[in-house]
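The values are calculated or read from the model by the stated rules, or taken from the named source; none is laboratory data. Computed from a prediction, not measured in an experiment: that's the story for all the values here. So basically every Cβ, Gly included, is an ideal-geometry build from the backbone, and we count neighbours across all protein chains shown. Each accessible area value is taken on the protein alone, full model and side chains, heavy atoms only, with ligands, DNA and RNA left out. Shrake-Rupley method; radii C 1.70, N 1.55, O 1.52, S 1.80 Å.
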Amino acid sequence: MKENSVTIPRWFDRHLHLRSGDMLKTVLPCTLKQHATGAIIMPNLADPVTTIEKAKDYRKEIEQVMTSLRFNTNAPKGQEWYWKKDYDFVPCMTLYLTDHIDPEEVVRGFEEGVWRAVKLYMANQKGQGGTTGSAHGVKNLLGRYPVFEVMEKHKIPLLGHFEAVEEDVDEFDRESVSVDRDLKPILKSFPGLPVVFEHLTDGRAADFVAEVDHDIHATVTAHHLMINRNAMFWGGMNPGHYCKPVPKRETHRAKVRQYVTSGNRRFGAGTDSAPHDESAKSRCYGCAAGIFTAPSAVELYTMTFDQDNALEHLGPFLSENFLALYGMEVSSEMMTIERGALVVPQKVGEVQVFKGGTELLWKLVG
Ligand code: DOR
Ligand code: ZN
């Protein structure tokens, strides 16, 4: 018999883009309303989070928005509860690794509790990164080995955007090429370095993460579990389905999904919810990469597990797997998702929502 509701510990988003300024104010309530206990906050702002001071400032900005939401008395109808609740949402900050930051500052920021992990974006020799806000990323990976050495020693997690950035690599092979060129040498040189493979999309990378003898895990987005590359082109070009890494062919999506919904503990939820104004998403050339799933992330993941008759593995994936790596505990508070129609909003502010206007079959109720 099929379950009509699932109750699991409150979840944790292991990969989230909140931006800053007005966009932060617009999108943060979406994740709060999803009952997350916290999130790993990505550092690729227009002015990236590359120092201790910047990380502290950014956290303060997020906390100020949380406070202003809590005391706002003009709650939209039906959303009053979250304005009143005393939030314990933990914004877990990350450092944007550059070619320049020295190992000592990386360790100091970690030991002072400013950041909990280091995010690796890479850029090629022309300074072109593989995704939004990655142009300041690492150009000389070998040059960063002294940083990885201290991270290994202090058990600071490396959160990697593993996609090859050289222009001649085929777009759909970027992740798998990066596994061979970038990731394998890092793991070999630093066998004790904790690594998270971010937003994994390629079946070959999934096999590697599942099998390699290393302290490695992977985040997986809701959208990469649901769509393959056809979704970018079906019925015309769909910038709303364009993100980095790009969705892959169906065999890859199915392989990744198989690891996730079969309950493999190396995989955990990280939405990579990445808001862009509609204007940036609808440029004919240079459309911004990013899919915004924050308003209904829990429901999207739940539908996926339900379709695979695997609801018993939903809790570990959303709320348990490798949380200790980030210094988080499994929450003692529970949340319930029920079978029932939920219409996804078309837009939040100027941001188009993934599957906006469609009906999902599950609803987070409290
Ligand atoms: O699609 C993406 N959007 N992938 C990333 O890696 C970055 C993100 C963003 O910041 O918009
Ligand atoms: Zn991201």
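In percent, what relative contact order does the range 11-333 have, based on Cα pairs under 8 Å that are 6 or more apart in sequence?
17 percent
Test of understanding: express the Cα radius of gyration of the range 259-298 as a ratio to 2.2 N^0.38 Å, with N the residue count. Before the final figure, lay out each step's value.
Numbers: Rg = 14.3 Å, N = 40, 2.2 N^0.38 = 8.9 Å.
Compactness ratio reported: 1.60.
Which of the GluC sites (Glu not before Pro) across the range 334-366 are loop residues per DSSP, with 16 or fewer other Cβ within 10 Å?
Glu350
Mean Kyte-Doolittle of at least 0.5 and a Cα length of 20 Å or more along the axis: which whole DSSP H helices of the chain meet both?
Helices meeting the span and hydropathy rule in the chain: none at all.
How high is the FRET efficiency between Thr67 and Lys347 when r is their beta carbon distance and R₀ equals 30 Å, given to the nearest 0.05? Intermediate values should be presented prior to the final figure.
On the way: r = 26 Å, r/R0 = 0.86.
Taking R0 as 30 Å, the efficiency between Thr67 and Lys347 is 0.70.
Which of the trypsin sites (Lys or Arg not before Pro) across the range 287-366 are loop residues per DSSP, with 11 or fewer other Cβ within 10 Å?
In loop regions of the range 287-366 (DSSP not H, G, I, E or B), there are no sparsely surrounded trypsin sites (Lys or Arg not before Pro).
Rounded to whole Å and sorted largest first, what semi-axes of the equivalent ellipsoid does the C-alpha gyration tensor of the range 250-343 yield via the square root of 5 times each eigenvalue?
Value: 27, 17, 16 Å, ordered largest first.
So what is the orientation-averaged projected area of the chain, using the convex hull of its C-alpha atoms, in nm²?
17.3 nm²
About its Cα centre, what dipole magnitude does the chain give when the only charges are +1 on Lys and Arg Cβ and -1 on Asp and Glu Cβ, stated in debye to the nearest 20?
Numbers: 42 positive and 49 negative charges, 135 e Å.
With only Lys, Arg, Asp and Glu charged at Cβ, the dipole is about 640 debye.
Mean separation of Cα pairs under 8 Å and 6+ residues apart, divided by the residue count of the range 130-202: what relative contact order is that in percent?
Once normalised by length, the contact order is 39 percent.
For Met334, Met66, write out the residues from largest to smallest accessible area, computed with a 1.4 angstrom probe and no ligands counted.
Sorted by accessible area, descending: Met334, Met66.
For labels at Val150 and Gln258 in the simple 7 Å Cα→Cβ model, what's the distance in nm?
Each label point is offset 7 Å from its Cα along the Cβ direction, giving 4.3 nm.
Which one, Val298, Gly160, Cys30, is farthest towards the positive end of the dipole of the range 11-333 when Lys and Arg carry +1 and Asp and Glu -1 on their Cβ?
Sorting the options by dipole projection puts first Cys30.
Quick check on the range 1-42: what are the equivalent-ellipsoid semi-axes from the Cα gyration tensor, as sqrt(5λ), descending, whole Å?
Semi-axes (√(5λ), whole Å): 27, 11, 8.
What whole-number distance in Å separates the alpha-carbon centres of the range 142-162 and the range 310-366?
31 Å
Can you tell me the length gained on complete extension of the stretch Arg181 to Asp57, counting 0.36 nm per residue apart and subtracting the Cα distance?
41.1 nm
Provide Met151, Met303 ordered by accessible surface of protein heavy atoms (probe 1.4 Å), highest first.
Numbers: Met151 0, Met303 20 Å².
I get Met303, Met151, largest accessible area first.
I want the local charge near Ala274. Using Cβ-Cβ distances under 13 Å, sum +1 for each Lys or Arg and -1 for each Asp or Glu among the other residues. Intermediate values should be presented prior to the final figure.
Numbers: positive: Arg19, Lys244, Lys281; negative: Asp13, Glu198, Asp272, Asp277.
Charge balance near Ala274 sits at -1.
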